[in-house]
Ligand SMILES: Cc1cc2nc3c(=O)[nH]c(=O)nc-3n(C[C@H](O)[C@H](O)[C@H](O)COP(=O)(O)O)c2cc1C
């Protein structure tokens, strides 16, 4: 008889909070710290989640519907549930990194956002069959950007996400985690005490090492010049830091260039203000994500969910408005949709799932969220997420943050 360990943990988890706790136990402290992140005093990262908890629901007792749908069409793609994978650049969480996330996105029929700073190449990620949107920062010369866009298009991506909100805010009260330039012997010896306490994580990477005979390399393969080597994470960061910030003309150029190369949707991520949303419409974007970069950017920026309604009211009929920041449960998704978002993007939630259980962990997170959306629809006696309106929520007075509302924006509404 085969002995089954009765104490073995069930890999399935019931909430994103449980996945986070498993990730905390499993990951070396600097890696876990890099994911929790949040800039300066952490005001924005905290508000991203706290604001969702200020919103309430008022369920019905009878009259719930037997069938409910979450299907939505956003950025030209029809997805089964309105939850999209937001691009994130730190996936040393699991040896399969973005490939595991993409497989999970494909299995659950959603969009995979792939970061500029991803650890896996865009070709490996599109080979999973996932509907992939490539994310770019404004970094490098225009020719270099064209080459990167062309490569992503050739790999088969279905859209481009331009993330332009990053303002290089340094200094975190919780202490930034150390990221080695290269995972060489020197770095391994230095980090060993923090890593040695996490045998399961080491074992996963050790198995990968035995398979590939290579140490995990902190490089950005999607920023490699044609036929050249991938830059290190810091090399890539340096190029980005030293690139002059873009103007609205640059955004229009990027949008037009992408249209010529690919003809697929162009999404601007990181919009906080109504005036910027209106200018994004003028620049011809197909969509925007209302976002404060998960609270990792300028601290003091309000929670993304507080900025959704004013922006969706201003531009939601012209372009697709999604949001990201602080989404941890299905009811958060429902709240964002009720305030005018067409879908949400998630960051940390799937990183916790990836750390806890690889591809299956990311699928588990997507299932937790869609299960929660379904429960909320049932309680609200709605047949579909498309029916969600602000009136389905309890919204405290003064909840919204309408930033940069020009007189003309008010008139256009
Ligand atoms: C560890 C980490 C790395 C990130 N890297 C990127 C990135 O490379 N590109 C990008 O557009 N956004 C990046 N983001 C922001 C996410 O796409 C998203 O805006 C944010 O995580 C949403 O907040 P949430 O984590 O509360 O869901 C990153 C976020 C985290 C936590």
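Values in this text are rule-based calculations from the coordinates and carry no lab data. Please read these numbers as outputs of a predicted model, since none were measured by experiment. Because the Cβ atoms are built from the backbone with ideal geometry, glycine has one as well, and the counts that use them run over all protein chains shown.
Which whole-number percent is the relative contact order of region 1-118 (Cα, under 8 Å, 6+ apart)?
So the answer I get is 19 percent.
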Can you compute the helix-only [θ] at 222 nm over the chain? Use -39500 (n - 2.57) per DSSP H run of at least 4 residues, normalise by all residues, nearest 500 deg cm²/dmol. -13500 deg cm²/dmol
Fewest to most Cβ atoms within 10 Å: 151, 24, 389, 309 sort as 389, 24, 151, 309
Ranking of 84, 319 by count of other Cβ atoms within 10 Å, fewest first: 319, 84
Per-residue Cβ neighbour rank within 10 angstrom, fewest leading, 275, 282: 282, 275
Cα extents of region 255-341 along the three principal axes, largest first, in whole Å? 38, 26, 23
Any chance you could list P(r) for the chain, counting all Cα-Cα pairs in 20 angstrom bins from zero, rounded to whole %? 27, 59, 14, 0
Could you check what % of the DSSP bridge pairs in the chain are antiparallel, to the nearest 5? 15 percent
Please report the spacing between the Cα centers of region 349-413 and region 312-348 in Å, no decimals. 5 Å
Label-point separation (nm) for residue 8 and residue 176, each offset 7 Å from Cα along Cα-to-Cβ? 4.2 nm
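Relative contact order (percent) for the chain, with alpha-carbon contacts under 8 angstrom and 6 or more residues of separation?
27 percent
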